Protein chains: 2
Amino acid sequence: MEWLQLKLIVDAGDVEIIANVFDDLESGGVQISDDPQYDSEIKKGQVAVSAFLTADRNQSEMVAQLHRRLSQLEAASLLQQTPRLLTREVSESNWTTTWRDYYQPIQLTRFLTVVPKGTVYEPTSTAERLIALEPGKSFGTGMHPTTQLAVSMLELTMHGQETVFDVGTGSGILSIAATFLGAQKVVATELDSVALEFTQHNFELNQITNQVELVQGSLLDQVSQKADLILANMLPEALVPLLPQLATHLFPDGQVIMTGIIQAQAAKMRGLIESAGFTIDLVLQSSDWVCYRFKQHAEA
Amino acid sequence: MEWLQLKLIVDAGDVEIIANVFDDLESGGVQISDDPQYDSEIKKGQVAVSAFLTADRNQSEMVAQLHRRLSQLEAASLLQQTPRLLTREVSESNWTTTWRDYYQPIQLTRFLTVVPKGTVYEPTSTAERLIALEPGKSFGTGMHPTTQLAVSMLELTMHGQETVFDVGTGSGILSIAATFLGAQKVVATELDSVALEFTQHNFELNQITNQVELVQGSLLDQVSQKADLILANMLPEALVPLLPQLATHLFPDGQVIMTGIIQAQAAKMRGLIESAGFTIDLVLQSSDWVCYRFKQHAEA
């Protein structure tokens, strides 16, 4: 049985559109790497987007489908750079090793370290909380810079006892982080039913099922409560329709943490956030990614 | 006995030059406020810069001197906006109350709260460390946005056991924060001998004199060791000459946190940092202020 790794080397500005292509392939999650230090195949300004196809999928048909989509995007001049596709077969017996190349324990902050299930990690202090994650199943494994930005922003923002909404939770990593940082209650939403299953699994792995409510639905459509803090680490296509939902879901002093925003789109996103009635009060930026924290205008 | 409060309402872009004017007056420290929410006399894009003159100074001569300097700057078209000067006499008996208007306990992060001596504060959790500061004596009392940015960046960066240099320490607040965040050793430098005395006093207030070495000198001129982390919260005029000193004072994986940079000068400062051989890896921005974290290029 062979898995197939599909790895696209793309321009940093094309990441979102490429992630969408993989989404449509239902490849079950992508890994994004944008640091040449960790991936010798990319240069500065490039990003590697990888997906893994299980052996039960019709791999050659999916690769053909991927090529067709990329050709269409290129023909429509929607890409800044022609993506380079690298494929690699991974045998079942090497599978664990392959994942290990991708998944290593990552210290997100002084207090939160992601430890993929199956990897060994010795905490460096008693204050450190370990986030266990089932590797390779879903978005948001801590490898992506926006996850790191979101967790850093959470650490700078939370004081404990907050009600937190985590919109489009994916792996659930931000809900787990918020719980470990003292949230009284977390409501996590996720549309995709396959992702939901793994989210639930990750909540169980971290023994936080009592504190986290997992809701299937798009954005905040299925949530009627109010929050002290709303988190969203998603592509701008999902962040934009979320903006008009925020005000009715926030307590008066509530805050929003939004990331998944690439530098090239940051100014546009800032404009949309401000037009929606919010004031950005803290910006965290790493590599090509931006995380905004904002609250409602004082007069609202 | 009367103190005199001098408060200049200036354009945000003029803050540095105005702070320098107050510096030349030897007013013994300025307070900067740029949030209209806390100061009804400023509008968005404006900053209030306040200094207090003790009764033993020739107050009217100093006010005249201030007017002369401002006229010169205006005549040379060095200011974006004509500063508005507000003066207020403060009697000795109202002094404490006046300071209380300016100094309130401030939660810098979840773990660090500044408590000016003489104010009362009840910690909200056992994890919270209180930074005691003698109010009104020196720069960096936690009121300034750059202090908050620097402390936030420290919290995101430090893991404990670091050797930290705090260049131009002022009140010593960043050295105290670094110590509370687990630094093994802090070396704080300060040129001004009056400031030094208050820095030492604040280190004593916080009982950290054993962990912090206070060195009189400009920038890192008097420091020969190497650090894991170099902190500098200063005006760009001081940050720029510090840049060539950094590489020789950093361990190979060492990091630098630099703030005191106003948004309008951030791009220029970024260019200077990169030209000096560093890579910026995290940016924190609040209001009009920017904090950069950077390290040496991998090839260096």
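The values are calculated or read from the model by the stated rules, or taken from the named source; none is laboratory data. Bear in mind that the values here come from a model prediction, so they are computed numbers and not experimental data. All Cβ positions, glycine included, derive from the backbone under ideal geometry; neighbour counts span all protein chains shown.
Among the residues making up segment A:1-43, those that are among the charged types (D, E, K, R) and at pLDDT 80 or above are A:K7, A:D11, A:D14, A:E41, A:K43.
Candidates are the residues of segment B:235-266 that are in a helix (DSSP H, G or I) and among the β-branched types (V, I, T); the one that is nearest to B:A132 (Cα to Cα) is B:V240.
Any residue that is in a helix (DSSP H, G or I) and touching a residue at least 24 places away in the same chain (Cβ under 8 Å) - is there at least one of those in segment A:216-234? Looking for residues that are in a helix (DSSP H, G or I) and touching a residue at least 24 places away in the same chain (Cβ under 8 Å), one finds none in segment A:216-234, hence no.
In the set A:L239, A:L284, A:L235, A:L231, only one residue is closer than 30 Å to A:P36 by Cα, crowded, with 19+ Cβ neighbours inside 10 Å and in contact with a Cys (Cβ under 8 Å, 6 or more places away or on another chain); that residue is A:L284. In the condition set (1) farther than 20 Å from B:S171 by Cβ; (2) crowded, with 17+ Cβ neighbours inside 10 Å, B:N206 is compliant with all but (1). When segment A:153-173 is filtered for residues that are surrounded by 24 or more Cβ atoms within 10 Å (Cβ to Cβ), modelled with pLDDT of 95 or more and either within 20 Å of A:R129 (Cα to Cα) or within 14 Å of chain B (Cβ to nearest Cβ) (or both), the ones remaining, listed by number, are A:M153, A:L154, A:V164, A:D166. Just one of (1) at pLDDT 90 or above; (2) polar (S, T, N, Q); (3) in contact with a Gly (Cβ under 9 Å, 6 or more places away or on another chain) fails for A:S138. It is (1). Across segment A:98-106, not a single residue is classified as touching a Lys or Arg at 6+ places or on another chain (Cβ under 6 Å) and either among the aliphatic types (A, V, I, L, M) or at pLDDT 80 or above (or both). Candidates B:D192, B:D166: the one that is within 16 Å of the chain's Cα centre (by Cα) and without any contact (Cβ under 8 Å) to a residue 12 or more places away in the chain is B:D192. Total residues in segment A:267-280 satisfying the condition of being of a type in the set (G, A, S) and assigned to a helix (DSSP H, G or I): the figure is 3. Restricted to segment A:203-213, and to residues there that are touching a Ser or Thr at 6+ places or on another chain (Cβ under 6 Å) and not in a loop (DSSP other than H, G, I, E, B), the residue that is nearest to A:A183 (Cα to Cα) is A:V212.
Within the option set A:T199, A:T157, being more than 16 Å from the chain's Cα centre (by Cα), over 19 Å from A:L243 (Cα atoms) and hydroxyl-bearing (S, T, Y) holds for one residue only, A:T157. Scanning segment A:263-300 for residues being away from chain B (no Cβ under 12 Å), closer than 19 Å to B:D288 by Cα and within 19 Å of the chain's Cα centre (by Cα) gives a total of 1.
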